[in-house]
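Any read-out appearing in this document is the output of simple, stated calculations on the displayed coordinates, not a laboratory observation. Note that the coordinates shown come from a computational prediction; the quantities given were computed from them, not determined experimentally. Heads up, the Cβs are rebuilt from the backbone with ideal geometry, glycines too, and the neighbour counts pull from every protein chain shown.
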Amino acid sequence: MRGKVEKWRCIWNWNERGIRCGWGWRQRELHEGPDTVEELLDRHLVKNNKTKDEDELENRRRLTSTRREALSLYREILRATRFFTWPDSRGVLWRDVLRDNARTEFEQARFESDPEIVTRLLIGGREALHSAIDKLAQKHRQHIHKDPSSDQR
């Protein structure tokens, strides 16, 4: 019976990098460490096997994702401007003014190649869009919950 128990103790310790023990293999202990410095470095350092083509492909993927984000933001802005239906002091609808401003800002940043600046612009644009929508919703709520007695004056 004891032989069977010993056999199962060693089986659960099987490991391809282990050391042979009794019936099976046991794991290498942490304090035993690697055999050489090269083995230590191979085990713990990230290897950079990327070529120039792979780096260029990664940059294109990043650029494509920021383009997608920019287009998504632009579409969201166009969708959100539908709710701005009142005219400004010149008689032009705010919807048209906001769309023109968005178009000019996107055109100005069209050829920006620095990823950090592009990211800042996208984040700033999203924050501005969300704050404008929040303010619009707040004004609509105030208008809906306005005191009915003030309408009779």
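Remarks
- FRET efficiency for the ASN59 to GLN108 pair, using the beta carbon distance and R₀ = 22 Å, is estimated at 0.45.
- Only one residue of GLN108, THR51, GLY125 has its Cα farthest out toward the positive end of the dipole of the range 43-131, where Lys and Arg carry +1 and Asp and Glu -1 on Cβ, and that residue is THR51.
- Prolate is the label for the range 44-136, because the ratio a/c of its alpha-carbon gyration tensor axes (a ≥ b ≥ c) is 1.5 or higher and a/b is greater than b/c.
- Per-pair calculated FRET efficiency, R0 = 22 Å: VAL97 and ARG120 via Cβ, rounded to 0.05: 0.35
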